Structure formats: C-alpha cells, structure tokens
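Asker: I'd like to ask you about the structure that follows.
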Amino acid sequence: MQRSVWLMLVTLWVSQTVESCPDVCSCSRTSDSQKSAVSCQKKGLDSFPSNLPPDAWILKLGENDITDLQADALNLVPNVESILLEHNAIKTIHPQAFSGAVHLRLLNLERNHITKLPPRGFKDLLNLRFLMLGQNQIGLLKADMFAGMKNLSDLDLPLNSLTSLPPNAFKHLTSLKVLDLSLNVIQRMSPKAFTGLQQLMFLNLDNNSLKTIPAGAFKPLRSLEMLVLDNNLLSSLKPSALDGLDNLQELYLRKNNLEQLLPDVFSNMPKLSQLALSGNRLKTVNGNMFIHMPNLRKLHLHDNPWRCDCNLSSLVQWLKQTKAALSPRTAMRCLSPPELQNKILSSLGDDKLLCHV
C-alpha cells in the first residue's frame, strides 16, 4: 500500500523546466517546489547520466541499456529519494554505487541482469523503504548484502535464481514488513534464515521447490499475518515447522504434495482466519484439527483425492456444522470408494462413510 502511494507520487510529478538537465532527458518541477523530477525513460542510455540537477528527488531511468552502476554514481544528486532503474541491462553494482544516498526511499532494480549483490553495497541507504530486485538472476544471499538497511520495509526478490536461504540472510532488516521470495527455485532453508525479522507481516514463498520446513524456521516471525507456501513440494508438515506463528491470520498451502495432516499441526494459530489446502493429495483429514481455529472464516479443501470412509466422518460432521465459508463447498467431492465417487462430502451421512474390514 505504502509503495503504491509512493509510485503514484513519482508518476504524477509534473511541470516546470529545470536548467541543469541531461540532453536526452526531461527535467521539471512544480511551481511551489524546489525539487526536480528527471525523466530519462526509453532514451537508449548505456550509462548513468551526468549533468543531473542537484535538487533532483526522482530519477526515472527505466527501459534503457545501462549495464553497471559505478562508484559514487549519486554524488550529483545528494537528496534523491526515488530511483527507477527497471528493465535495463545492469549486471554489476559497485559497492560504493549508492554512497551518500541517505535520503533514498525507493530503489527499483527489477528486470535487469544482476547475478549478485555487492557486500555492504546498500549500507548508506539508511532511509530506504522499498527495494525491488525482482526478475534478475540473483543466486545467493548473504547477511552483509543488506547491512545498514535498518528502515527497509519492503524487499521484493521474486523471479530470481535463489536455491537456498542461508542463516541470518535478513538479520539486518529489523523493520522489514514485506518479503517476497516467490518464483525462485528455493529447495532448502536454514532454521535461522529469518532471524531478525520480528516485524515481518507478509512472507511469500509461492512457486519454489521446498520439500520440508525446518523445525522453528518461522519462530522469529512473531508479527507474521500472512504466509504463502503455494506451489511447492511439501509432502508433510510437522507442528514444529509452524511453531511461533501465534499472530498468523492467513496460511496458503495450495498445490503441494501434502498427503496427511496431524490433528495438532495448526494448534498454535488461534488467530487463523483463512486456510487454503486445495490441490494437494489429501485423502482424509481429522475434523477435530479445526477446533483449534476459533476465528476460521474461510477454508479451501477442494481438488484433493478424498477417500470417503469412516476415517473421514469427523471432517464431514465438522463441514456440516461450521459457519466458515468453504470455497467452494460443491467442489469437495469423493474420489473413492467407487460407489461414492463424485459425491459432495457435506452431503454424506455416517451410514455412507463405512470402513470395510
């Protein structure tokens, strides 16, 4: 939400011409402001422009051919607050590229060719709130990469080449609220990967290759409200894997390989209001597990191969009694036994849910 407002301000900036301005760019300021907006989008630039107005607060440099960010690139614009460098050809970032940019609040580096981040390369960005690094080729994270970014609230890293999350990867980001790691190829995470993220509210791990969640991996995330684990390779979940998520309100586990769930797997999530388990391999679930969720408002259980026998009776009874919205109720159907195939779960009585000895 905050990032959207900030980008809107960047987009709507208009008006007066500014004296000092790169030849191919346009520079303007509003009549009541001492700050300049510099627009150099789609100008064929292959390097960071010079002759920038010293009062620039917005630099729009997207959709060019810039290949690297050299040391002290921002010396001429000490008060810059927003830099848009999306869709360039940036491969390397000098460790001193952002030296002195203490007022920078938004940095967009999406859709470039960055393979690694410089150690301590963002250390001067003490007031940065939004860092967008999606659609690059970053394959490794280290804790020193984010040193100094004590005020960062939103870190976006989707569509990169991450295969693992090492210990203390984000330990310097103590104010982070949003972390997007979706659409990578993460197979492993350290139990200490999320150390330091006590303020995190949204974690997106959608579309990765996780087979297991280490015990206590999410324990530091005591403020987390939404966790997305859709489209991974999880076949089981232990209660210890979800330990510490006392404030979690929404949990998404769609399209994994979950075959069974222990009755107490969600027992430490009293605030959970939305749970998505559709598209897994669940054949039976103990309905008593939902007793631990007094605030549950929406549940997704469709597209599972339900085996409608006596082991499913507690779930069927709970489905008939719950006030939670089942999305959609009519899509929850039996796969077996043959005589009940395609029957809606909530329509079945105990006389149909039989176990043959």
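The values are calculated or read from the model by the stated rules, or taken from the named source; none is laboratory data. It should be emphasised that the depicted structure is a prediction, and the values quoted were computed from it without experimental measurement. Ideal geometry is used to build each Cβ from the backbone, glycine not excepted, and the neighbour counts take in all protein chains shown.
Asker: Can you tell me which residues in segment 319-336 are free of Cβ contacts under 8 Å to residues at least 12 places away in the same chain and among the basic types (Lys, Arg)?
Answerer: Once the filter is applied, which keeps residues that are free of Cβ contacts under 8 Å to residues at least 12 places away in the same chain and among the basic types (Lys, Arg), segment 319-336 yields only Lys323.
Asker: Continuing with this model, one more query. Report whether or not Lys60 is buried (at least 19 other Cβ atoms within 10 Å of the Cβ) and modelled with pLDDT of 95 or more.
Answerer: Taking the combined requirement at face value, the residue satisfies it.
Asker: Return yes when Leu107 is closer than 19 Å to Asp55 by Cα, in the same structural domain as Ile186 (by TED's automatic domain parsing) and either assigned to a strand (DSSP E or B) or of a type in the set (A, V, I, L, M) (or both) and no when it is not.
Answerer: In short, yes.
Asker: Then there is this: For Ala217, all conditions in the list (1) touching a His at 6+ places or on another chain (Cβ under 7 Å); (2) under 25 Å from Asn268 (Cα atoms); (3) of a type in the set (Gly, Ala, Ser) hold save one; what is the number of the exception?
Answerer: Condition not satisfied by Ala217: (1).
Asker: Let me ask something additional. If we keep just the residues of segment 292-301 that are assigned to a loop (DSSP other than H, G, I, E, B) and in contact with a strand residue (DSSP E or B) (Cβ under 8 Å, 6 or more places away or on another chain), which is farthest from Ser236 (Cα to Cα)?
Answerer: Of everything passing the filter in segment 292-301, Arg297 is farthest from Ser236 (Cα to Cα).
Asker: In addition: Do any residues in segment 129-143 that are at positive phi have Cβ atoms under 7 Å from those of residues that are part of a loop (DSSP other than H, G, I, E, B) and at pLDDT 95 or above, where the two are at least six apart or on different chains, and which pairs are they?
Answerer: Gln135/Glu110; Gln135/Arg111; Gln135/Leu159
Asker: Answer yes if at least one residue in segment 265-273 is touching a residue at least 12 places away in the same chain (Cβ under 8 Å), farther than 20 Å from Thr330 by Cα, of a type outside the set (D, E, K, R) and in contact with a Lys or Arg (Cβ under 8 Å, 6 or more places away or on another chain), and no otherwise.
Answerer: Yes, segment 265-273 has at least one match.
Asker: Does Asn295 satisfy the condition of being out of contact with any helix residue (DSSP H, G or I) (no Cβ under 6 Å at 6 or more places or on another chain), surrounded by fewer than 18 Cβ atoms within 10 Å (Cβ to Cβ), over 26 Å from Gly349 (Cβ atoms) and at pLDDT 95 or above?
Answerer: It is true that Asn295 is out of contact with any helix residue (DSSP H, G or I) (no Cβ under 6 Å at 6 or more places or on another chain), surrounded by fewer than 18 Cβ atoms within 10 Å (Cβ to Cβ), over 26 Å from Gly349 (Cβ atoms) and at pLDDT 95 or above.
Asker: Same structure, new question: Given the structure, is Ala217 among the hydrophobic types (A, V, I, L, M, F, W, C), modelled with pLDDT of 95 or more and out of contact with any Lys or Arg (no Cβ under 7 Å at 6 or more places or on another chain)?
Answerer: Taking the combined requirement at face value, the residue satisfies it.
Asker: List every residue pair whose Cβ atoms sit under 8 Å apart, with the two residues 6 or more apart in sequence or on different chains, where the first one lies in segment 91-110 and is under 16 Å from Asp156 (Cβ atoms) and in contact (Cβ under 8 Å) with a residue 12 or more places away in the chain and the second, anywhere, is surrounded by 19 or more Cβ atoms within 10 Å (Cβ to Cβ) and among the basic types (Lys, Arg).
Answerer: Matching pairs, first to second residue: Arg105/Arg129; Leu106/Arg129.
Asker: In segment 337-351, what residues are over 35 Å from the mean Cα position of the chain (by Cα) and either free of Cβ contacts under 8 Å to residues at least 24 places away in the same chain or crowded, with 18+ Cβ neighbours inside 10 Å (or both)?
Answerer: Pro338, Glu339, Leu340, Gln341, Asn342, Ser347, Leu348, Gly349, Asp351
Asker: Considering segment 20-52 alone, what residues qualify as being within 23 Å of Ile90 (Cβ to Cβ), surrounded by 14 or more Cβ atoms within 10 Å (Cβ to Cβ) and not aliphatic (A, V, I, L, M)?
Answerer: Answer for segment 20-52, where residues must be within 23 Å of Ile90 (Cβ to Cβ), surrounded by 14 or more Cβ atoms within 10 Å (Cβ to Cβ) and not aliphatic (A, V, I, L, M): Cys21, Pro22, Cys25, Ser26, Cys27, Ser39, Cys40, Gln41, Lys43, Phe48, Pro49.
Asker: Now for a separate question. Does any residue of segment 112-125 turn out to be touching a helix residue (DSSP H, G or I) at 6+ places or on another chain (Cβ under 9 Å) and of a type in the set (A, V, I, L, M)?
Answerer: Yes, segment 112-125 has at least one match.
Asker: Name every residue in segment 321-336 that is surrounded by 13 or more Cβ atoms within 10 Å (Cβ to Cβ), outside any strand (DSSP E or B) and more than 30 Å from the chain's Cα centre (by Cα), in order of residue number.
Answerer: Correct list: Thr322 only.
Asker: Looking for whichever is part of a loop (DSSP other than H, G, I, E, B), at positive phi and modelled with pLDDT of 95 or more here; the options are Leu176, Leu152, Leu183. Which one fits?
Answerer: Only one candidate qualifies: Leu183.
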